[in-house]
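Asker: Supplied in structure tokens, the structure appears directly below.
The values are calculated or read from the model by the stated rules, or taken from the named source; none is laboratory data. Quick caveat: nothing in here was measured; it's all calculated off a predicted structure. All Cβ positions, even for glycine, are placed from backbone atoms using ideal geometry, and neighbour counts span all protein chains on display. Ligands, DNA and RNA are excluded from the accessible area calculation, which covers all protein heavy atoms including side chains. Shrake-Rupley method; radii C 1.70, N 1.55, O 1.52, S 1.80 Å.
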Amino acid sequence: MRGALWVASAGLCCALTLVVFESLDFSPAGAANRLVDLSLLIATLPIALAGLYLGVLGFRWIGLAVWPGPVGVVATKVELSLRLGAFGTRRFEACRLNLKYAFELSGDEEDGGFESFLPEEEQVAKFLPRILYPTSRDRIDLMLLKFARGSEAEIARALRPAFDEWRSKEK
């Protein structure tokens, strides 16, 4: 679905660009006409580039949907592996993962949002912990929400045994 929406957006950008590009005429009919056409070309160029970017993004999502190999999240005692098809494979050593629930965050760290006001048992049952890895720019919990199927509570329930194992080794 995401792929179709991105490709449709790309198609809209490209169609708009083509309509403008077809109307351009750089013939030497006068300096003013060429300047107007050049300015239209320059003004439309960002829309064309956005269309190309959206098309690439859309086809990556479609590539993920039809990926021939195994796709998914695999959590073992030693590793968290995100097999994301067209988006690549990312592996994280469990011993280097930093997992913290909202109730464990100090005032200096990122705010836990409304979740920090819920009872600890409910946070553990319904929400993913904030998962950081030293060499990753992105938060892993957000990647899980983006790529894994199901609600946050379902994903948290499926990964709970691995989280418990990893957190017991931290202490």
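Asker: Looking at segment 38-72, which of its residues are β-branched (Val, Ile, Thr) and more than 15 Å from the chain's Cα centre (by Cα)?
Answerer: 42, 44, 47, 66, 71
Asker: I'm trying to understand the selection: among the residues of segment 130-170, which are under 21 Å from residue 85 (Cα atoms), in contact with a helix residue (DSSP H, G or I) (Cβ under 7 Å, 6 or more places away or on another chain) and either in a helix (DSSP H, G or I) or polar (S, T, N, Q) (or both)?
Answerer: Once the filter is applied, which keeps residues that are under 21 Å from residue 85 (Cα atoms), in contact with a helix residue (DSSP H, G or I) (Cβ under 7 Å, 6 or more places away or on another chain) and either in a helix (DSSP H, G or I) or polar (S, T, N, Q) (or both), segment 130-170 yields 144, 145, 155.
Asker: Among the numbered conditions (1) over 24 Å from the mean Cα position of the chain (by Cα); (2) modelled with pLDDT of 90 or more; (3) open to solvent by 50 Å² or more (accessible area, probe 1.4 Å), tell me where residue 96 comes up short.
Answerer: Looking at each condition in turn, residue 96 falls short on (1).
Asker: Would you call residue 26 touching an Asp or Glu at 6+ places or on another chain (Cβ under 8 Å) and in a loop (DSSP other than H, G, I, E, B)?
Answerer: Yes; evaluated as a whole, the condition is true for this residue.
Asker: Check off (1) in contact with a Gly (Cβ under 8 Å, 6 or more places away or on another chain); (2) open to solvent by 80 Å² or more (accessible area, probe 1.4 Å); (3) under 19 Å from residue 142 (Cβ atoms) for residue 85 and give me the number that stays unchecked.
Answerer: Status for residue 85: all satisfied but (2).
Asker: May I pose another question? Would you point out the residue of segment 139-152, among those that are open to solvent by 30 Å² or more (accessible area, probe 1.4 Å) and on the phi < 0 side of the Ramachandran plot, that is nearest to the chain's Cα centre (by Cα)?
Answerer: Taking the candidates together, the pick is 146.
Asker: Return yes or no: is residue 35 at pLDDT 90 or above, in a helix (DSSP H, G or I) and either more than 30 Å from residue 159 (Cβ to Cβ) or under 29 Å from the mean Cα position of the chain (by Cα) (or both)?
Answerer: Criteria not met by residue 35.
Asker: For segment 73-91, state whether one or more residues are among the aliphatic types (A, V, I, L, M), touching a Pro at 6+ places or on another chain (Cβ under 9 Å) and either assigned to a helix (DSSP H, G or I) or at pLDDT 90 or above (or both).
Answerer: yes
Asker: Sort out which residues of segment 19-65 are without any contact (Cβ under 8 Å) to a residue 12 or more places away in the chain and surrounded by 15 or more Cβ atoms within 10 Å (Cβ to Cβ), and write them in order of number.
Answerer: Scanning segment 19-65 gives a single hit, 34.
Asker: Continuing with the same structure: Which condition number in (1) at negative phi; (2) in contact with a strand residue (DSSP E or B) (Cβ under 6 Å, 6 or more places away or on another chain) is the one that residue 72 fails?
Answerer: Every listed condition holds for residue 72 apart from (1).
Asker: Run residue 2 past the list (1) in contact (Cβ under 8 Å) with a residue 24 or more places away in the chain; (2) open to solvent by less than 90 Å² (accessible area, probe 1.4 Å) and report the number of the one that doesn't hold.
Answerer: Tallying (1) in contact (Cβ under 8 Å) with a residue 24 or more places away in the chain; (2) open to solvent by less than 90 Å² (accessible area, probe 1.4 Å), residue 2 fails exactly one: (2).
Asker: What are the pairs with Cβ atoms under 8 angstrom where one residue, in segment 130-153, is of a type in the set (Asp, Glu) and the other, located anywhere, is open to solvent by less than 50 Å² (accessible area, probe 1.4 Å)? Sequence gap at least six, or different chains.
Answerer: Qualifying pairs under 8 Å: 141/128; 141/129; 141/130; 141/131; 152/127; 152/128.
Asker: Here is a follow-up. Inspect all residues belonging to segment 101-123 and state whether any of them is open to solvent by 60 Å² or more (accessible area, probe 1.4 Å), at pLDDT 90 or above and assigned to a helix (DSSP H, G or I).
Answerer: Checking segment 101-123: not a single residue is open to solvent by 60 Å² or more (accessible area, probe 1.4 Å), at pLDDT 90 or above and assigned to a helix (DSSP H, G or I).
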